[in-house]
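J.: I'd like to ask some things about the structure below.
The values are calculated or read from the model by the stated rules, or taken from the named source; none is laboratory data. Note that the structure is a prediction, hence the values are computed from the model and not measured. Note that each Cβ is placed from the backbone with ideal geometry, even for glycine, and that neighbours are counted across all protein chains shown.
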Amino acid sequence: MGLVTLSVVSIIIFSSMELLPGDFGQAVLGQAATEETVAAFRRELGLDQSAVMRYGQWISAALQGDLGTSFSGRNASGVDRSREVIDLVVPRLRNTLFLASVAALIAVPLALILGITTALFRNSIYDRSVNIGTLTTISFPEFFVAYILILFLSSLYPVFPSLANVDSDTQFSERFYRTALPALTLTLVIVAHMMRMTRAAIINLLASPYIQMARLSGATPTEVIIKHALPNAWAPIATVIAFNLAYLVVGVVVVEVVFVYPGIGQLMVDAVSSRDIPVVQACALIFAMTYILLNLLADIIGIVTNPRLLHPK
Amino acid sequence: MKDKFINLQTHKLMVGSIDRRKFMMSVLATGLTVPAALSLAKRAEAATPKSGGLFRMGIAHGSTTDTLDSATSENHFTLVNGYTFGNNLTEVNNDGQLIGELAESYESSDGQTWVFNLRQGVEFHNGKTMTSEDVLASFNHHMGEDSTSAAKGLLTAVKSIKADGKNKVVFELDSPNADFPFIVSDYHISIRPAGDMASGIGTGGYIVQSFEPGVKSVLKRNPNYWKEGRGHFDEVELISIIDPTARQTALMNGDIDAMDRVDLKTINLFKRNPNVNIMDITGTAHYTFPMRLNVDPFGDYDLRMALKHSIKRQELVDKVLLGYGSIGNDHPISTANRYHNSDMQQREFDADKAAFHYKKSGHSGKIQLSASDAAFAGAVDAAQLIANSASEAGIDIEVVREPKDGYWSNVWNNDAKGWCACYWGGRPTEDWMFSAAYTNDTEWNDTSWKGTDGSKRFNQLVKEARAELNDDKRRELYYECQTLISDDGGSIVPLFNSYVSANSNAIAMEENVAANWDSDGAKCVERWWLA
């Protein structure tokens, strides 16, 4: 099923590339673009062939792990220093995954704990204030949250650096320290969704007869939630967590720009503006794969925690 | 006499040949009061370079395709990085003068044969001593059929290069060129060890530690740097920060020490930060509005004159560049160039003159001006302002807003459009600028200024000036060239935009800052120090 989705997505990616306005040759050659140089350029890159042919070539190469060569790096003077797409994407992807994991390590446990405790003490002052707090942070655009954090944590009280420019030589502890602010920003942005979903899923179950039964048998409220309600709530929670983790990988370009973090989102935006089609396609494919894989994982968790789903009625 | 003496003493204090006490004694003897003498001493001491520290610079460029091979250098990041770890035969110093760098001296008797005497005992970062062999290899890297260097065009006039012993290189050109020593200071033509043009080994003040294209470059001081009084920082990080807000935030928070390209929209708020110094340097970059002489009605001299007189230049500087620029005089030579014609009268808005020439041209009806922000930020606004001021002289200009995509192929330098907005990065020498956009043999002659008497005279003068070694005569020739472009040419050059950069208070530099490139001639890393 995942594979079918992926191939459909690859067609969508490819055809939307075709719909992009403008021409790569002209975007690269700039002031030096004459009709002949643009035509020669298109020929060199194989852009003069039909779309179906190019799709076939691209997808068969991609299946063998070859994402092609970047278009950019060929400038007006004819210097060819274009790099393999894979060399461009891999270090950026590693950075993005690092940031996503740091953010997830903070956000997921935090969201679960907040979700469970608010379900436990629902309608208390604690519940209300957690809800208000998380909903406030999710309501602001992420760049605003980012600048507020910079203002407080690096301008007024210089605790963390406002530049998160890591490179491959950066030590792990240094890397962790530098990514603190972007990770915190992302945490604030995603925690509300997961926490509210956890809370809702658990509260939803608390009305079921088997929970009543558990209560009558003398279980404490904590036991009821952890032992009886939570196992049945995993499926919806996992779906939401998967959705947010995918967002951490594919949707953080704004945060990357604000903190100058060399992630894959920035690479893709730069590639779009320079019409660097192979890089855009590779990034889009990776993003699609992330979504599909994480959703698959969420489905598997749902099934594992609820064996009934394996036996359709 | 007194000033001269004080200057001498100040200099002695700066270089450390006398101490503060001796300085005070000697300048007080000239009749200066104690507070005045103290402040002089303080100024002199602040101007004394100190060694050490980490310098981090945020640069608005940098791309994943950057390399350490100077032949591919094309943006400000690779430019600054290249000048930091490498040297050229010559350099433009911070006073704007051309001086020898790896060449101790250079000479030519006819402008056609140039002899460069190399500095002896200079070592590359890998320990190899620099000789004529390396210079030959470095130049051949940019020449020949197969070369893909961006500097290939600069060196097409070189017929042959020969080594004369280990420390002398002789260039034979196919026609005389007085600017040749200037050309070899170009950032592409960095001297690298023979056989290794790409790995970032140079003779510069800093050694490359790591380089990640589009992200950053880390360097450390070269303990054996041959150049005296340069290269003060211990460690250097050049960081590519393309987003202007992020760059400015980083400077305000002390995450970087210097940056290029301040965002003019927020500069007034940015300036209020007590840690931030703004630097505003007039360079060679300029905005133009080229009229094509081969397209009606711009072939008419009077019509061109009418339009040239109907522009409020200072208003454009104030509104489009928010004051960070200077007005132009319809020719591309800036005050940062060596032979800027300062005698020529500045052309101002003059409704009467404009109306007079317009009437004489006999033209009537709308004149179309094509503009898009692809030409430069604010080009459409600038065109509107021109249309407004021209209407005061009774000239009807219709601003046509063009799409950004394909602007450089469909609008600029295209006979379909007679008049449009354009941007030029400027060139370090007059000859180079003229040959790029104004002589009759260049493809980029965007005004199609070819057949007129003025243009014929201009082309002849440019050739003459190229071969002229006498400085005064050259100046005369270039002055006339500028007058010709300004009067007869098709380009309206209303403004030069400044390099606006910023640095923290911790950074100190000499009084004169180079204007040939942004960031102190792109050599800030070796010229600046931590105060």
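J.: Do we find a residue being outside the structural domain of residue A:186 (by TED's automatic domain parsing), modelled with pLDDT under 85, more than 30 Å from residue B:413 (Cα to Cα) and not polar (S, T, N, Q) anywhere in the stretch A:31-50?
T.: Scanning the stretch A:31-50, I find no residue that is outside the structural domain of residue A:186 (by TED's automatic domain parsing), modelled with pLDDT under 85, more than 30 Å from residue B:413 (Cα to Cα) and not polar (S, T, N, Q), so the answer is no.
J.: Any idea which of B:314, B:345 is without any contact (Cβ under 8 Å) to a residue 60 or more places away in the chain and under 24 Å from residue B:268 (Cα atoms)? Before the answer, list the steps.
T.: Details: B:345 fails: under 24 Å from residue B:268 (Cα atoms).
Of B:314, B:345, the one residue that is without any contact (Cβ under 8 Å) to a residue 60 or more places away in the chain and under 24 Å from residue B:268 (Cα atoms) is B:314.
J.: Condition check: in the same structural domain as residue B:392 (by TED's automatic domain parsing), under 18 Å from the mean Cα position of the chain (by Cα) and surrounded by fewer than 23 Cβ atoms within 10 Å (Cβ to Cβ). Does residue B:341 satisfy that?
T.: Yes: the conditions hold for residue B:341.
J.: Another question, then. Exactly one condition in (1) within 14 Å of chain A (Cβ to nearest Cβ); (2) over 20 Å from residue B:80 (Cα atoms); (3) in contact with a helix residue (DSSP H, G or I) (Cβ under 9 Å, 6 or more places away or on another chain) is false for residue B:156; which is it?
T.: Going through the list (1) within 14 Å of chain A (Cβ to nearest Cβ); (2) over 20 Å from residue B:80 (Cα atoms); (3) in contact with a helix residue (DSSP H, G or I) (Cβ under 9 Å, 6 or more places away or on another chain), residue B:156 breaks only (3).
J.: Of the residues A:87, A:169, only one is free of Cβ contacts under 8 Å to residues at least 24 places away in the same chain, within 12 Å of chain B (Cβ to nearest Cβ), under 30 Å from residue A:71 (Cβ atoms) and assigned to a helix (DSSP H, G or I); which?
T.: Details: A:169 fails: assigned to a helix (DSSP H, G or I).
Unique residue meeting the criteria: A:87.
Yes/no per residue for (1) within 14 Å of chain A (Cβ to nearest Cβ); (2) touching a residue at least 24 places away in the same chain (Cβ under 8 Å):
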{"position": "B:80", "(1), (2)": "no, yes"}
{"position": "B:93", "(1), (2)": "no, yes"}
{"position": "B:137", "(1), (2)": "no, yes"}
{"position": "B:141", "(1), (2)": "yes, yes"}
{"position": "B:144", "(1), (2)": "yes, no"}
{"position": "B:168", "(1), (2)": "no, yes"}
{"position": "B:172", "(1), (2)": "no, yes"}
{"position": "B:176", "(1), (2)": "no, yes"}
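J.: Identify the single condition in (1) more than 10 Å from chain B (Cβ to nearest Cβ); (2) under 24 Å from residue B:246 (Cβ atoms); (3) part of a loop (DSSP other than H, G, I, E, B) that residue A:163 does not satisfy, given that it satisfies every other one.
T.: Going through (1) more than 10 Å from chain B (Cβ to nearest Cβ); (2) under 24 Å from residue B:246 (Cβ atoms); (3) part of a loop (DSSP other than H, G, I, E, B) one by one, residue A:163 breaks only (1).
J.: Could you list all residues from the stretch A:236-257 that are surrounded by 23 or more Cβ atoms within 10 Å (Cβ to Cβ), within 14 Å of another protein chain (Cβ to nearest Cβ) and under 18 Å from residue A:89 (Cα atoms)?
T.: A:256
J.: Restricting to the stretch B:81-110, and then to whatever is among the hydrophobic types (A, V, I, L, M, F, W, C), touching an Asp or Glu at 6+ places or on another chain (Cβ under 8 Å) and assigned to a strand (DSSP E or B), can you tell me which residue is farthest from residue B:336 (Cα to Cα)?
T.: B:99
J.: If you don't mind, there's one more thing I want to ask. Can you tell me which residue is nearest to residue B:48 (Cα to Cα) among those in the stretch B:5-36 that are among the basic types (Lys, Arg) and at pLDDT 70 or above?
T.: Here the answer is B:20.
J.: Can you pull out the residues in the stretch B:272-283 that are at pLDDT 90 or above and touching a strand residue (DSSP E or B) at 6+ places or on another chain (Cβ under 8 Å)?
T.: B:276, B:277, B:278, B:279, B:280, B:281
J.: Return yes when residue A:175 is crowded, with 23+ Cβ neighbours inside 10 Å, modelled with pLDDT of 85 or more and assigned by TED's automatic domain parsing to the domain that holds residue A:102 and no when it is not.
T.: No, not satisfied.
J.: Can you find a residue that is polar (S, T, N, Q), part of a loop (DSSP other than H, G, I, E, B) and outside the structural domain of residue B:242 (by TED's automatic domain parsing) anywhere in the stretch B:51-59?
T.: First, the residues of the stretch B:51-59 that are polar (S, T, N, Q): B:51.
Then keep just the ones that are part of a loop (DSSP other than H, G, I, E, B); that gives B:51.
Next, only the ones that are outside the structural domain of residue B:242 (by TED's automatic domain parsing) stay: B:51.
Yes, some residue in the stretch B:51-59 is polar (S, T, N, Q), part of a loop (DSSP other than H, G, I, E, B) and outside the structural domain of residue B:242 (by TED's automatic domain parsing).
J.: Of all residues in the stretch B:504-521, which are surrounded by fewer than 24 Cβ atoms within 10 Å (Cβ to Cβ) and within 24 Å of residue B:250 (Cβ to Cβ)?
T.: B:504, B:505, B:506, B:507, B:508, B:509, B:513
J.: If I filter the stretch B:233-246 down to residues being modelled with pLDDT of 95 or more and in a loop (DSSP other than H, G, I, E, B), which single residue comes out as surrounded by the fewest Cβ atoms within 10 Å (Cβ to Cβ)?
T.: Among them, the one singled out is B:234.
J.: May I ask you to verify whether residue B:293 is away from chain A (no Cβ under 14 Å), of a type in the set (A, V, I, L, M) and crowded, with 18+ Cβ neighbours inside 10 Å? So that I can check it myself, show each step before the final result.
T.: Values: away from chain A (no Cβ under 14 Å): yes; of a type in the set (A, V, I, L, M): yes; crowded, with 18+ Cβ neighbours inside 10 Å: yes.
When the stated conditions are applied, residue B:293 passes them.
J.: Pick from B:407, B:423: which is within 31 Å of the chain's Cα centre (by Cα), at pLDDT below 85 and not basic (Lys, Arg)? It would help to see each step written out before you state the result.
T.: Numbers: B:423 fails: at pLDDT below 85.
Among B:407, B:423, only B:407 is within 31 Å of the chain's Cα centre (by Cα), at pLDDT below 85 and not basic (Lys, Arg).
J.: Can you name the residue in the stretch A:120-143 that is assigned to a helix (DSSP H, G or I) and among the hydrophobic types (A, V, I, L, M, F, W, C) and, of all such residues, is farthest from residue A:257 (Cα to Cα)? Can you show your working first?
T.: In the first step, residues of the stretch A:120-143 are kept if they are assigned to a helix (DSSP H, G or I); the result is A:120, A:125-139, A:142-143.
Cutting the leftovers down to among the hydrophobic types (A, V, I, L, M, F, W, C) gives us A:120, A:125, A:130, A:132, A:135, A:138, A:143.
Values: A:120: 39, A:125: 37, A:130: 29, A:132: 28, A:135: 24, A:138: 19, A:143: 9 Å.
Step by step, filter the stretch A:120-143, then rank; the result is A:120.
J.: Moving on to the next point. Only one residue in B:156, B:129, B:203 is exposed (fewer than 14 other Cβ atoms within 10 Å of the Cβ) and closer than 30 Å to residue B:234 by Cβ, so which one is that?
T.: That would be B:129, the only listed residue that is exposed (fewer than 14 other Cβ atoms within 10 Å of the Cβ) and closer than 30 Å to residue B:234 by Cβ.
To keep it simple, each residue is scored yes or no on (1) part of a helix (DSSP H, G or I); (2) more than 23 Å from the chain's Cα centre (by Cα).
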residue: B:427; (1), (2): no, no
residue: B:440; (1), (2): no, yes
residue: B:458; (1), (2): yes, yes
residue: B:486; (1), (2): yes, no
residue: B:493; (1), (2): no, no
residue: B:496; (1), (2): no, no
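J.: Also: Restricting the search to the stretch B:442-456, which residues are free of Cβ contacts under 8 Å to residues at least 60 places away in the same chain and more than 24 Å from the chain's Cα centre (by Cα)?
T.: B:453, B:454, B:455, B:456, listed by residue number.
J.: Output the residues belonging to the stretch B:390-411 that are of a type in the set (S, T, N, Q) and surrounded by 21 or more Cβ atoms within 10 Å (Cβ to Cβ).
T.: Answer for the stretch B:390-411, where residues must be of a type in the set (S, T, N, Q) and surrounded by 21 or more Cβ atoms within 10 Å (Cβ to Cβ): just B:409.
J.: Test residue A:214 against the criterion of being of a type in the set (A, V, I, L, M), within 27 Å of the chain's Cα centre (by Cα) and surrounded by fewer than 21 Cβ atoms within 10 Å (Cβ to Cβ), and give yes or no.
T.: No: the conditions fail for residue A:214.
J.: Return the total of residues in the stretch A:258-286 being closer than 27 Å to residue A:18 by Cα and within 14 Å of chain B (Cβ to nearest Cβ).
T.: Number of matching residues: 19.
The rows are residues; the columns are (1) of a type outside the set (Val, Ile, Thr); (2) without any contact (Cβ under 8 Å) to a residue 40 or more places away in the chain; (3) assigned to a strand (DSSP E or B).
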residue: B:261; (1), (2), (3): yes, no, no
residue: B:273; (1), (2), (3): yes, yes, no
residue: B:283; (1), (2), (3): yes, no, yes
residue: B:303; (1), (2), (3): yes, no, no
residue: B:307; (1), (2), (3): yes, no, no
residue: B:339; (1), (2), (3): yes, no, no
residue: B:357; (1), (2), (3): yes, no, no
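J.: I've got another one for you. Could you list all residues from the stretch A:42-74 that are surrounded by 15 or more Cβ atoms within 10 Å (Cβ to Cβ), away from every other protein chain (no Cβ under 14 Å) and assigned to a helix (DSSP H, G or I)?
T.: Those that are surrounded by 15 or more Cβ atoms within 10 Å (Cβ to Cβ), away from every other protein chain (no Cβ under 14 Å) and assigned to a helix (DSSP H, G or I): A:45, A:54, A:55, A:58, A:59, A:62.
J.: Is there any pair with a first residue in the stretch A:129-142 that is surrounded by 12 or more Cβ atoms within 10 Å (Cβ to Cβ) and a second that is assigned to a helix (DSSP H, G or I) and among the polar types (S, T, N, Q) whose Cβ atoms are under 9 Å apart and which are 6 or more apart or on different chains, and what are they?
T.: Filtered contacts from the stretch A:129-142: A:130/A:117; A:130/A:118; A:131/A:118; A:137/A:187; A:142/A:185.
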